[in-house]
């Protein structure tokens, strides 16, 4: 018995996505789907992110024509997801109807539907209602969890050594309090690790001798102990990586934050310098692994040293480095804020930059409008041709069979033109809002930086300073900034698009403060 034949339509929405694994993944999943369902994979139609200037979905048109030929005997038209196939409900049903007239069924490999019309209708309605209800509930739940975490209350199961306060009379999650039967035992395990003379397996043996059990009453295993020593909860912090949250908890800490990081250093040593994946960043040292040593070029790390009080330093800690740069924590972070202030564009330059970007934006908008007019004109011509064919049927010049044969390519092309028309204005109209947000962010950069979580700060450092930071004359600076600073710098020199308002009247704008670096950025 011959297997039903299937084609796979893969698509990315822009040419910048071609190099990632999206197309390859879609094809791979399509072939796996065919194998599971007993289908014969015939060919792939790959739409590789056509630009606005080439707005027609040419590969889609080829795919429809291919499926429309009886000799190809295609039964299934596979797409990865319906929204990858078309962003418009109207276009989706239009293409689906065209395929159906050729006896071809449109299938989403990740969003299966029943085979009967009633089943599909019921399934879609239930799925839509369920998805909406679930998303609303999920959103409310997540927002509630985030709110509690920001209040310093841990909403998940209590770590070993703690328990929920059953006497708490408030609403929502109960705060954590020390478990009188386990708190001191776990704390003793931390003290053992801090000495540097014990390892996790020794602490596990100690817990076994003390009869310590998990919340289910089961005997502890090595993984349970390992999780304890990488959990910042014991140092008084609530950390949830997926939410980007790191807050001080209301619970009683078992150890100090300094002791927590001391244990991390000991664990790293036991792992031959290859520390187990670190759960988060050190909020006490936001420039950790951002400043590079001028001698060896490796990142400096932050640490505390106790000499007549507590002092923090960023330092190169590689024994093989001859100079081993070092700077006080307060000096480094103050100098870094000053660097952010020096690279903040002036209001005058920002206004000019926005004018230049807006000009480019409007130009692109006009280009897309021209493309839309061109597509509308072609669409009108196609519909006129289809109408003339219909007249030939009405006057008995063409039979119905002849009409179907002649009209099929036109119907396919009309459908593709409608899809292209609806998509020429997508991904453009948010540009102005994005520019305003980005410019405001740059103008308030020091304040924004202070308010960010430590993880967000590290991500911002990577964007702003692609080559990292360095020390020069006791100050934090950089050798290079992100490309968009070069764009702003070009505008400050008067290198703006021809015809940009203000381009000729303000040719030498500079940043808010005089910058002491050859490209106007930074070094002292």
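Would you mind giving the average projected area, over all directions, of the Cα convex hull of the range 151-280 in nm² with one decimal?
Working: hull surface 33.1 nm².
About 8.3 nm², averaged over all directions.
Could you tell me the calculated FRET efficiency between residue 321 and residue 43, based on Cβ-Cβ distance and R0 = 51 angstrom, to the nearest 0.05?
0.30
How do the peptides 239-249, 343-353 rank, highest first, by the average count of neighbouring beta carbon atoms within 10 Å per residue?
Ranked by mean Cβ neighbours within 10 Å, highest first: 343-353, 239-249.
If you average 1/r over every pair of different alpha-carbon atoms in the range 203-270 and take one over that average, what Kirkwood value in Å do you get?
Averaging 1/r across every pair of different Cα atoms and inverting gives 13.5 Å.
Compute the length gained on full extension between residue 192 and residue 223: take 0.36 nm times their separation in residues and subtract their Cα-Cα distance, giving the result in nm to one decimal. List each step's numbers first, then the result.
Details: separation 31, 0.36 × 31 = 11.16 nm, distance 1.74 nm.
Gain on extension, residue 192 to residue 223, equals 9.4 nm.
Stretch residue 96-residue 62 to full length: gain in nm at 0.36 nm per residue minus the Cα-Cα span?
10.7 nm
Since every read-out is calculated from the coordinates, none of them should be taken as a lab result. Just so you know, these numbers come straight off a predicted model, no measurement behind them. Cβ coordinates were reconstructed from backbone atoms using ideal geometry, including for glycine residues, and neighbour counts include every protein chain displayed.
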